[in-house]
Amino acid sequence: MDFSLSHEQQALVDSAARFAKTRLAPYYRAREKAERVEREIVQEMGALGFLGLELPEEHGGLGLDCVTSGLLLEQIAYGDFNVSYVNLLTSLCGQIVATHARSDAAQSWLQQVIA
């Protein structure tokens, strides 16, 4: 059995690792002291496709597997554990909405959250 990452998975992990190292880690203590995550960071993660990776494409996600989403989350957590909760909650709450909400409502809400 081959457990190596696909090229797509590795590219996402590498991109998240760079983001965590350059954008999150240097300002971790300031965010911790201020007890907040800057809106710009969340918007940047959305623009990079880091939010809701496993959510369906029709709702704005990438439709990827949960393992890939977890690998990306792990990289974000290396940079700032608190920021990783944005990814985690987007995925957990997003799955509930995608599964149980009316399709039009799910699409409207999730596209805004993921972006």
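Every read-out reported here was derived from the displayed coordinates using simple, explicitly stated rules and does not represent laboratory data. Model, not experiment: these values are computed from the prediction. Reconstructed Cβ throughout: ideal geometry from the backbone, glycine too, with neighbour counts over all protein chains shown.
Observations, loosely collected:
- Applying both filters, DSSP loop and at most 16 other Cβ atoms within 10 Å, to the trypsin sites (Lys or Arg not before Pro) of segment 1-56 gives ARG36.
- Cβ crowding within 10 Å ranks ASP104, ASP14, ASP2 as ASP2, ASP104, ASP14, fewest other Cβ atoms first.
- Förster-model FRET efficiency, 30 Å R0, PHE81 and ASP104, C-beta, rounded to 0.05: 0.25
- Quarter of the Cα convex hull surface for the chain, i.e. its orientation-mean projected area (nm²): 7.4 nm²
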